[in-house]
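Before any comments, here is the structure.
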Amino acid sequence: MLIFNCPHCGVAAEETELSGGGEAHLKRFGPGCSDADFEGYLFTRENPKGVHFERWRHAFGCGKWFIAARDTVTLEVFGTYPAQTSEPPREIFDRISEKRPGWSWCNLSGEA
Amino acid sequence: MSDLSGFEGLVAIREVENQGMLTVRGDFGSEVLRAAVTGLTGVDFPGRRVAHVQGARGLLWMSPDELAVLLPRGEAAQAATRLAGQLAGVHALVVDVSDARVHFEIEGRVVRETIAKLAPVDMHPDSFTPGELRRTRFGQVAAGFWMADERTARIFCFRSVRDYMAGLLTVAADDHSEVAYFRK
């Protein structure tokens, strides 16, 4: 069972109160982009064993989107932050580096 | 329609008649919005996850940009028009949802336990206190609730799932189902 703290309403919401929205921090490729970029935007997703960033919506609560950083193996949650954020906040970045030295995800990587 | 009259269980369950409700969306930083909704209801503007309710009037914090305004049912339609007029100059939305919501009041000794059976909310007295508003799910449907005091809670949900909610509450408050978890 996952429990995330919703950064918008402050509730410790458990999984059944939320709906998952897939991988976070996608960069959108739209009209005029190359076929390869568009394919990557539509279909290419991370499937990590370890640190992962996901979008979640507090569907039965305040209805807002947020991003959760968690470990897919241990289900440890490193933190949550509003979805209107283009990259993980420094403190979450540092917390992951502290607990999972040398981690990497997409084009992000922590210090070893 | 499942009939609640005559129900006797761990708590008394009552469908609240004549409760009007407006949904207001907008920027909570706007003085115009704050003055308009507090003027309409006569209660303070609520902070995060707070319910300020006096009688049939009140303000419920629904999300960082959404409020529920409680009013007597008869005033709701007119109040919505007036409020929309007052907010014409700011980015805001007002809808009268009185017909789309139903309110239940449950009252009795085991109010906390009745809610805890149905919603994924920590109902321990140290975690959830009267005056806090919580939006969550009851069984399979979206709902919100607040506790007026230790013995009384108000639950509201879509009117389309009124019978489901009435059924849930009557089962959770069945006379023979007390767990007494919060009395330890």
Study note, to complete from the structure: Rounded to the nearest 10 Å², the accessible area of B:Lys117 using a 1.4 Å probe with every protein chain kept is 80 Å²
Practice item. For region B:65-117, build the charge dipole from Cβ charges (+1 Lys, Arg; -1 Asp, Glu) around the Cα centre, then report which of B:Ala92, B:Val69, B:Ile115 sits farthest towards its positive end. Key: B:Ile115
Practice item. Write down the Å³ per residue value for the convex hull defined by the alpha carbon atoms of region B:80-126. Key: 164 Å³
**Study point:** Distance (nanometres) between label positions extended 7 Å along Cα→Cβ at A:Leu26 and B:Thr81
**Key:** 4.5 nm
**Study point:** Net dipole in debye of region A:3-107 [+1 Lys, Arg Cβ; -1 Asp, Glu Cβ; about Cα centre; nearest 20]
**Key:** 140 debye
Check your understanding: Quick one: Debye curve from the C-alpha atoms of region B:100-183, no solvent, what's log10 I(q)/I(0) at q = 0.23, 0.24, 0.25 Å⁻¹?
Key -> -1.18, -1.29, -1.40
Study note, to complete from the structure: The convex hull of the Cα atoms of the protein assembly as shown, divided by residue count, gives a volume in Å³ per residue of 175 Å³
Point to revise | region B:113-184: GluC sites (Glu not before Pro) in DSSP loop, at most 16 other beta carbons within 10 Å | key: B:Glu150, B:Glu178
Check your understanding: In the structure shown, do any of A:Lys49/A:Lys99; A:Lys27/A:Lys99; A:Lys99/B:Lys117 have a Cα-Cα gap over 25 Å, and if so which?
Key -> A:Lys27/A:Lys99; A:Lys99/B:Lys117
Revision key, fill the gap. Taking a ≥ b ≥ c as the square roots of the Cα gyration tensor eigenvalues, with a/c under 1.5 meaning rounded and otherwise prolate when a/b beats b/c or oblate if not, chain B comes out prolate
Review point. Size of the dipole of chain B about the Cα centre, Lys and Arg at +1 and Asp and Glu at -1 on the beta carbon, nothing else charged, in debye to 20?
Key: 300 debye
Exercise for review: Return the loop-located GluC sites (Glu not before Pro) in region A:53-112 (DSSP other than H, G, I, E, B) with at most 11 other Cβ atoms within 10 Å of their own Cβ; answer none if there are none.
Suggested key: A:Glu111
Check your understanding: Which three extents, in whole angstrom, do the alpha-carbon atoms of chain A cover along their principal axes, largest first?
Key -> 42, 37, 23
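The values are calculated or read from the model by the stated rules, or taken from the named source; none is laboratory data. No experiment lies behind these values; they were computed from the predicted model shown. For neighbour counting, all protein chains shown are included, and Cβ atoms are generated from backbone atoms with ideal geometry for every residue, glycine included. Quick note on the areas: whole protein, heavy atoms, side chains included, nothing else; ligands and nucleic acids left out. Shrake-Rupley method; radii C 1.70, N 1.55, O 1.52, S 1.80 Å.
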